């Protein structure tokens with residue numbers, strides 16, 4: 001099989017994985033009142049499970065856009081390599 005075919009397949013797999021990361025681990029968005037104060041409060045101390053989830057969520061939020069960019073570059077490379 002051609003190199004361009006493999007670049008395209010890898011690009012698609014990376015793109016789907018990045019899209020799934022963005023879907024299942026959306027970024028936390030803080031809501032503010034009209035006065036500019038943050039809305040919401042913490043109820044109790046965070047648990048170990050909650051801390052671990054936030055840690056993975058922060059990683060996924062940073063990795064997903066990079067994955068989409070890599071997917072674009074791989075597919076563009078496949079298109080240019082095949083041309």
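The values are calculated or read from the model by the stated rules, or taken from the named source; none is laboratory data. Note that this is a predicted model, so its numbers are computed, not measured. Quick reminder, even Gly has a Cβ in these numbers, built from the backbone with ideal geometry, and neighbours come from all protein chains shown.
What to note about this one:
- Matching residues, region 52-72, being closer than 25 Å to residue 5 by Cβ and loosely packed, with under 13 Cβ neighbours inside 10 Å: 66
- Residue within region 33-51 that is surrounded by 10 or more Cβ atoms within 10 Å (Cβ to Cβ), within 18 Å of the chain's Cα centre (by Cα) and either farther than 30 Å from residue 2 by Cα or modelled with pLDDT of 80 or more (or both) present: no
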